[in-house]
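> The structure under discussion is supplied below as structure tokens; questions concerning it will follow.
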Amino acid sequence: MPAGNQLTLFTVRGIRIGVDYSWFFVLFVLIIYLSGVYRDVLSADGGESQPYLLAVITALGFFGSILLHELGHAVVATRNGIPISEITLWLFGGVARMTRDSDAPGTEFKVAIAGPIVTLLLALACTGLGIALSGADEFWRAVTVEEDTAISGALAVLSWLASINVLVLVFNLIPAFPLDGGRVARAIAWKVTGNRNRATRFAALVGQGFSYAFIALGLLWLLAGNVIGGIWLALIGFILAQSARGSAMQSKFSSRIEGISVADVMDAEPVAIRESTSVERAIDEYFLRYRWPWFPVVDGADRFRGLLVREAADAVPEPSRAQQTVGEVFEVDASGTLKVRDDAPLESLLGNDALRRLGGLAAVDADGRLRGVITADQVGRALRSAVSSG
Ligand SMILES: [Zn+2]
């Protein structure tokens, strides 16, 4: 998966859209390659710079297609209560980073299939536009790049984008975890067996099978003379094999901590601040006394509302601290990412962004009442003892 070298492009609805530097390499090669292709197939009246210009437009269209695919995953995940923190584009496409794993096979299925559906719609849209522009026969000739074709620039762009989206669709539907098709396979296995970890191991095994097949095919292709295609395929196989092995190891680990819930590990006597407390009291009786960086904030019925961080309390000017209440300055947990259900399995906290960032989360019951605080240290200790006892 993409390493740390990223550039943030922009943010959509709280989702950071970033590109790995390897992505610029993809765009660069694509523009060079497409300029060459377009130079051969375009009717000659567009001038010297036209193929290059169209290649840039096509590359941006490809970029947009991959981004929309990932946003498809992101929108469905968010609707199902799994916020997405970032989308990264890299050498082999895009990755939407979920802040936690899905907790039901139905959710997993919907999130996994959303991306391919977007890609299918994009392929259909490009095909429809291309056919509307120049008729089905001409469009098909553009897709297959027949000899002596002289096509318009718009048709060249649309036919290439239609083809690449079909390719992206087929590739993503290969049932090799963690590709989308593999996630769909895992969701089905999860539904059938009722056990997420067994389903992950199954999907990872299938994924490993496919990855070895990719490597073998890539090497054969390489020997047959297609150097770039062969290396590309073998490299994808290698990365898939790594990811599948990682998933298998993680699920083996997860099955050891099955049955441990947040409530088993958390601090069940949390110190919380009421919304109605004055900022002055919050500082004197909580921050100065316990020296923690933040406290959970509850309403009159002990329901968890958000966090008060030390900086927010300190930022209130001293003369108004007695009048201002905590309710006016605390960070409301609008997205629900700062809390976790106390009966949730401990493994649902693995890879939880907020836990890593804050060092702890509020644990609440079914009615949203604060039952405890669980810290990253407590989670770490529980995991270590589960592993050493296993
Ligand atoms: Zn996808």
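The values are calculated or read from the model by the stated rules, or taken from the named source; none is laboratory data. Since we're looking at a predicted model, the values are computed, not measured. Here the Cβ is made from the backbone with ideal geometry for all residues, glycine too, and neighbour counts use every protein chain on show.
> So is Arg384 part of a helix (DSSP H, G or I), under 24 Å from the mean Cα position of the chain (by Cα) and surrounded by fewer than 16 Cβ atoms within 10 Å (Cβ to Cβ) or not?
Taking the combined requirement at face value, the residue does not satisfy it.
> OK, next. Any residue at all in region 202-216 that's surrounded by fewer than 18 Cβ atoms within 10 Å (Cβ to Cβ), within 24 Å of the chain's Cα centre (by Cα) and under 15 Å from Ala112 (Cα atoms)?
The answer is no, given that none of the residues of region 202-216 is surrounded by fewer than 18 Cβ atoms within 10 Å (Cβ to Cβ), within 24 Å of the chain's Cα centre (by Cα) and under 15 Å from Ala112 (Cα atoms).
> Moving on to the next point. Just to be sure I understand the filter: pairs with C-beta atoms under 8 Å, separated by 6 or more residues or on different chains, first member in region 129-151 and at pLDDT below 85, second member surrounded by 17 or more Cβ atoms within 10 Å (Cβ to Cβ) and aromatic (Phe, Trp, Tyr). Which pairs pass?
none
To keep it simple, each residue is scored yes or no on (1) aliphatic (A, V, I, L, M); (2) at positive phi; (3) assigned to a loop (DSSP other than H, G, I, E, B); (4) surrounded by fewer than 22 Cβ atoms within 10 Å (Cβ to Cβ).
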{"position": "Val56", "(1), (2), (3), (4)": "yes, no, no, yes"}
{"position": "Ala77", "(1), (2), (3), (4)": "yes, no, no, no"}
{"position": "Ser102", "(1), (2), (3), (4)": "no, no, yes, no"}
{"position": "Leu120", "(1), (2), (3), (4)": "yes, no, no, yes"}
{"position": "Ile131", "(1), (2), (3), (4)": "yes, no, no, yes"}
{"position": "Val143", "(1), (2), (3), (4)": "yes, no, no, yes"}
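> Would region 58-66 turn up any residue that is closer than 29 Å to Ala154 by Cβ and without any contact (Cβ under 8 Å) to a residue 24 or more places away in the chain?
Yes: region 58-66 contains one or more residues that are closer than 29 Å to Ala154 by Cβ and without any contact (Cβ under 8 Å) to a residue 24 or more places away in the chain.
> Quick one: count up the residues across region 291-319 that are over 11 Å from Ala272 (Cα atoms) and free of Cβ contacts under 8 Å to residues at least 40 places away in the same chain. Show your work before the answer.
Let us first name the residues in region 291-319 that are over 11 Å from Ala272 (Cα atoms), namely 291-293, 300-301, 309-319.
Subset that is free of Cβ contacts under 8 Å to residues at least 40 places away in the same chain: 291-292, 300, 309-319.
Here the count works out to 14.
> Moving to a separate point now. Here are some residues: Arg198, Arg186. Which one is more than 22 Å from Ser22 (Cβ to Cβ) and surrounded by fewer than 18 Cβ atoms within 10 Å (Cβ to Cβ)?
After ruling out the rest, the residue left standing is Arg198.
> Would you call Gly94 free of Cβ contacts under 8 Å to residues at least 40 places away in the same chain, under 30 Å from Arg39 (Cβ atoms), within 16 Å of the ligand (Cβ to nearest atom) and not assigned by TED's automatic domain parsing to the domain that holds Asp353?
When the stated conditions are applied, Gly94 passes them.
> Just the residues that are more than 10 Å from the ligand (Cβ to nearest atom), part of a loop (DSSP other than H, G, I, E, B) and either under 28 Å from Thr144 (Cα atoms) or free of Cβ contacts under 8 Å to residues at least 60 places away in the same chain (or both), please, taken from region 159-189.
Once the filter is applied, which keeps residues that are more than 10 Å from the ligand (Cβ to nearest atom), part of a loop (DSSP other than H, G, I, E, B) and either under 28 Å from Thr144 (Cα atoms) or free of Cβ contacts under 8 Å to residues at least 60 places away in the same chain (or both), region 159-189 yields Ile174, Pro175.
> Okay, next question. Is it true that Val373 is of a type in the set (Val, Ile, Thr) and in a helix (DSSP H, G or I)?
No; evaluated as a whole, the condition is false for this residue.
> Name the residues in region 116-135 that are within 19 Å of Val184 (Cβ to Cβ) and away from the ligand (no atom under 13 Å from the Cβ), would you?
Those that are within 19 Å of Val184 (Cβ to Cβ) and away from the ligand (no atom under 13 Å from the Cβ): Leu121, Ala123.
> If you don't mind, there's one more thing I want to ask. Quickly run through region 232-247 and pick out the residues that are farther than 9 Å from Ile215 by Cα and among the β-branched types (Val, Ile, Thr).
Across region 232-247, the qualifying residue is only Ile239.
> Hey, can you tell me all the residues within region 47-87 that are away from the ligand (no atom under 11 Å from the Cβ), among the charged types (D, E, K, R) and closer than 18 Å to Arg97 by Cα?
Of everything in region 47-87, those that are away from the ligand (no atom under 11 Å from the Cβ), among the charged types (D, E, K, R) and closer than 18 Å to Arg97 by Cα turn out to be Arg79, Glu86.
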